[in-house]
Amino acid sequence: MKGYTQGKMTEEFTDEEKKGLYKAIHSRRDVRSHFTSKPIEDEILSRILNAAHHAPSVGFSQPWNFILIKDQNTKSRIKKSFDEEKDRSSKLIEEPKKSKYLSFKLEGILESPVNLCVTYDPTKFGPFVIGRSSIPEAGLYSVCCAIQNLWLSARSEGIGLGWVSILSNEVLKEVLELPDHVVPVAYLCLGYVDEFATKPDLETAGWLPRLELKDVIYFEKWDDTDNLSWKNIQEIIKSNLDYP
Ligand SMILES: Cc1cc2nc3c(=O)[nH]c(=O)nc-3n(C[C@H](O)[C@H](O)[C@H](O)COP(=O)(O)O)c2cc1C
């Protein structure tokens, strides 16, 4: 770990190391079930949190905090909010989608050994943050970068993570006693799992497909998909890309 934090790093990634990184990215899943009873070792949990803490942040503001939760009573109060919000959101869609939505397992709050709330504190280091004056949301984006680091690090340790956003932020603030200015960004459920699915659950269930890479990339301006100066990469991204 020290080698990464002292002096300059000129060393290239080996092919094996690159493979590891792409494996973590492509095999990461949002996990809501299959949690085992194996507790997460404190050394491993610390490593995952440290990975999150080394995310990029606007103006190096590090605006995140991580609240670790294992108390069953706290979890039950959060689960109650999930149940209420899921019911409320189901009223926004018509049958047959409504029943399908209601049948999905969309959280693992009680079954996962560790719940984790990641928060955003816009007041850290005072009101002026380099890079945040024009786009205030950059603070929130930084917290999301930390969450993604955490997610990938957890995956590499064989730990499943599920993000639960079907929750009331008001309830989260009350239950976790957050100060008024602190924003709950993510409520995460972590634990060892029996398996990681190869595809997103929502893809397997036929809810939504994964879009093709070629359909999300434009060249030079919005909606330009066949700009001639980008011909070569257009051919490459049309093929079925795999990771090394
Ligand atoms: C901001 C955010 C909020 C999410 N909220 C939920 C949620 O409330 N419940 C859930 O089951 N999954 C949630 N997910 C997981 C997504 O459904 C999942 O990432 C997506 O279906 C792709 O699957 P994958 O993560 O396994 O690749 C959330 C993901 C993100 C990034």
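Data overview
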item	result
Most fluctuating residue given options Ile40, Ile93, Ile67, as computed from a GNM of the chain linking Cα atoms under 10 Å	Ile93
Distance between modelled label sites at Trp230 and Phe60, nm, 7 Å Cα→Cβ extension	3.4 nm
Relative contact order of the stretch 115-222, defined on C-alpha pairs under 8 angstrom at six or more residues apart (%)	36 percent
Radius of gyration and Dmax over the Cα atoms of the stretch 122-244, both given in Å	19.7, 55
Long-range amide H partners of Gly160 with built H, under 5 Å	Gly191, Tyr192, Val193
Trypsin sites (Lys or Arg not before Pro) lying in DSSP loop within the stretch 105-155, provided at most 11 other Cβ fall within 10 Å	Lys105
Mean separation of Cα contacts under 8 Å, 6 or more apart, over the residue count of the chain: relative contact order %	30 percent
Cα→Cβ-extended label distance, 7 Å offset, between Lys86 and Leu102, nm	1.2 nm
Global form of the stretch 141-180, assessed from the alpha-carbon gyration tensor, a/c cut-off 1.5	prolate
Selected from Thr119, Thr198, Thr14 as most flexible by GNM, with the chain as the system and alpha-carbon contacts under 10 Å	Thr14
Within a Gaussian network of the chain (alpha carbon springs, distance under 10 Å), most fluctuating of Glu94, Glu107, Glu85	Glu94
Entries of Lys75/Lys105; Lys23/Lys79; Lys8/Lys231; Lys105/Lys199; Lys19/Lys214 with Cα pairs more than 25 Å apart	Lys23/Lys79; Lys8/Lys231
For the stretch 2-118: relative contact order, % (alpha-carbon pairs under 8 angstrom, 6 or more apart)	38 percent
Per-pair calculated FRET efficiency, R0 = 41 Å: Lys18 and Phe125 via Cβ, rounded to 0.05	0.75
Per-selection metrics, the chain (Cα): Rg and Dmax in Å	20.2, 60
Estimated inter-spin distance, Glu174 and Thr198, nm [label 7 Å along Cα→Cβ]	4.6 nm
Mean accessible surface per residue for the stretch 91-230, computed with a 1.4 Å probe while every protein chain stays in place, in Å²	58 Å²
In sequence order, calculated HN-Hα J values of the stretch 8-20 (Karplus, 6.51, -1.76, 1.60; Hz; x Gly/Pro)	9, 10, 10, 5, 6, 6, 6, 4, 5, 5, 4, 4, x
Residues with amide H under 5 Å from that of Val114, placed H, sequence gap 5 or more	Leu190
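The values are calculated or read from the model by the stated rules, or taken from the named source; none is laboratory data. In this text, all values refer to a predicted model and were calculated from it rather than measured experimentally. A quick note on method: Cβ atoms are made from the backbone with ideal geometry, for glycine too, and the neighbour counts reach across all protein chains shown. Surface accessibility is based on the protein's heavy atoms, side chains included, excluding ligands, DNA and RNA. Shrake-Rupley method; radii C 1.70, N 1.55, O 1.52, S 1.80 Å.
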